[in-house]
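Colleague: The structure under discussion is supplied below as structure tokens; questions concerning it will follow.
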Amino acid sequence: MEAHANTLRADLLGEVRFSWGGALVAPRSRKATALLLTLALKRTPMDRGELAELLWAPGRVQSVRQALYALRSLPGAAQWLEAGPEVALRVDADVARFEGAVEVRAYADALDLWSVRSGAMAWRDDLWREAERTAPSAFADWLEVERERLRALHQVCLHGRAAELERMGEVVEASRLIEALLASDPLHETAYRSAMRLAVARGDPHAALAVFERCRQVLERELGVAPLDETITMAREVEATLPQILRAPRRRSPLPAHATPFVGRDRELSEVQRLVRHDATRLVTLVGPGGVGKTSVALEAALRCAPAFPDGATFVPLAGVERPEDVPSSLAQALDLPLADGAHPEHVVVAALREARALLLVDNLEHVLAGAGVLGAIAASCPDVRVLATSREALDVPGETIVPVAGLALPPP
């Protein structure tokens with residue numbers, strides 16, 4: 001919409017800018033900018049006393065008068081500024097057009113406007129904050145309410161447009177909007193359910209379960225609560241479509257055979273087997289110097305315990321992994337779990353193992369210790385999964401039980 005000749009144009013959704021007839025309108029003082037911003041957002045006449053209380057202090061009407069005097073020198077002010085007992089602007093504000101589109105549920109139009117003005121749906125408010133610094137706390141509080149109101153409307157648009165696209169079968173674009181919504185509000189549980197439903201519609205139930213795991217972790221970490229029953233039920237329904245998620249024939253990495261016959265280590269082997277079979281122990285780390293036989297002990301224990309795990313035992317070698325952040329994807333690869341574009345490997349792995357009775361042998365973690373958190377997540381979220389790990393150092397993750405492995409004693413002379 002083009003502004004009329006007697007109308008000030010106010011772009012407020014992104015980098016704040018005022019113009020009239022194509023000419024930039026730039027107040028010289030911050031107070032004058034704050035006044036212009038306030039009037040453009042309110043879009044209704046305001047009493048001078050009300051403006052004084054909001055922007056200066058109660059009774060500071062003289063300050064309002066001085067700021068209005070400064071505004072009168074700006075291009076076209078005689079056309080767009082009404083400065084009687086009540087002060088108002090003749091203004092065409094993008095905020096008003098955005099709100100109008102949301103009101104009539106023209107979500108695509110609203111998002112187009114938001115994207116064009118605010119830079120691909122990013123919120124930029126440098127000038128807003130500059131205005132806050134020069135005004136009383138009441139102004140800062142009011143401005144924050146305005147910001148949150150507009151953010152909330154943007155989230156309504158994202159969710160509403162995603163629902164429209166889902167009904168049209170445009171599930172990829174709908175998923176993109178839902179991810180934008182979750183980036184804006186990571187606690188939006190309804191959006192997580194939408195993301196799960198869209199992942200299933202894309203034919204990727206693993207991604208749906210990964211979304212649920214992400215939701216569960218965020219809610220637990222930020223609010224100390226579990227997902228709603230509705231969300232849990234949806235996750236269980238997705239899981240029901242994969243009743244044998246790990247039992248079905250897959251290209252998992254099986255436990256390798258010993259390169260040489262296994263001898264000795266009876267004490268360590270007995271202890272590791274006891275821990276793996278104990279319900280309260282989910283993560284066991286064999287710790288010792290390089291070359292002392294940690295892998296051999298862990299492998300023998302895994303081979304002996306494997307029959308107790310109907311969903312199988314999987315070997316995850318990490319010697320060739322260079323970056324800690326690649327540990328979760330290495331686990332997913334060993335388990336033959338597909339990773340959709342944008343999927344978080346840790347969430348996919350934890351979601352896939354949540355109902356499994358499986359054993360993982362994760363070998364050589366010492367050089368990627370920063371990536372060991374995924375093993376702690378498995379231990380915390382997958383009650384019937386046991387993780388055997390080997391490392392020269394402890395992993396230092398919650399739930400870890402350490403079994404020291406030293407060199408074999410020399411036989412007596």
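Laboratory data are not the source of any read-out in this text; all were calculated from the coordinates shown. Note that the coordinates shown come from a computational prediction; the quantities given were computed from them, not determined experimentally.
Colleague: For the chain, find the longest principal axis of its Cα atoms and tell me its angle to the long axis of helix 137-167, 0 to 90°, nearest 10.
Modeller: Helix 137-167 sits roughly 60 degrees off the main axis of the chain.
Colleague: Val25's amide H: which non-local residues (gap 5+, or another chain) put their own amide H closer than 5 Å, with H modeled 1.01 Å from N in plane and none for Pro or chain starts?
Modeller: Under 5 Å from the amide H of Val25 lie the amide H atoms of Phe18, Ser19, Trp20, each far enough along the sequence or on another chain.
Colleague: Helix 229-240 versus the longest principal axis of the chain: what is the Cα-based angle in degrees, 0 to 90, to the nearest 10?
Modeller: 50 degrees
Colleague: Let me test this: with uniform point scatterers at the alpha carbons of the chain, what is the Debye-based log₁₀ I(q)/I(0) at q = 0.07, 0.08, 0.11 1/Å?
Modeller: The calculated log intensity ratios at q = 0.07, 0.08, 0.11 Å⁻¹ are -0.53, -0.63, -0.85.
Colleague: What number, in percent, do you get for the relative contact order of region 266-404 if the mean sequence gap of Cα pairs under 8 Å and at least 6 apart is divided by its residue count?
Modeller: Relative contact order here is 37 percent.
Colleague: Also: Pairs of alpha-carbon atoms within less than 8 angstrom and 6+ residues apart define the contacts here; what relative contact order does the chain have, in percent?
Modeller: 13 percent
Colleague: Compute the distribution of all C-alpha to C-alpha distances in region 1-185, in bins of 5 Å from 0, and list the percent of pairs in each, rounded to whole numbers.
Modeller: 1, 8, 15, 19, 18, 14, 10, 7, 4, 2, 1, 0
Colleague: Starting from the Kirkwood radius over alpha-carbon pairs of region 266-404, derive D by Stokes-Einstein at 4 °C in a medium of 1.567 mPa s and give it in µm² s⁻¹.
Modeller: 88 µm²/s
Colleague: Nearest 10 degrees, 0 to 90: what angle lies between the long axis of helix 205-223 and the longest principal axis of the chain (Cα atoms)?
Modeller: That helix lies at roughly 70 degrees to the long axis.
Colleague: Right, next: Quickly estimate the mean residue ellipticity at 222 nm for the chain, helices only: each DSSP H run with n ≥ 4 gives -39500 (n - 2.57), and the total goes over all residues, rounded to 500.
Modeller: -15500 deg cm²/dmol
Colleague: When the Karplus curve 6.51 cos²θ - 1.76 cosθ + 1.60 is applied with θ = phi - 60°, which whole-Hz ³J(HN,Hα) does each residue of region 375-388 get, with x for Gly and Pro?
Modeller: Karplus-based 3J(HN,Hα) across region 375-388 equals 5, x, 5, 5, 4, 6, 10, 10, x, 10, 9, 10, 10, 9 Hz.
Colleague: Search the structure for amide H atoms under 5 Å from the amide H of Ile402, placed 1.01 Å from N in the peptide plane, and list their residues when 5 or more places away or on another chain.
Modeller: Amide H to amide H, under 5 Å and 5 or more residues apart or across chains, Ile402 pairs with Thr285.
Colleague: So, one more: Relative contact order (percent) for region 1-185, with alpha-carbon contacts under 8 angstrom and 6 or more residues of separation?
Modeller: 24 percent
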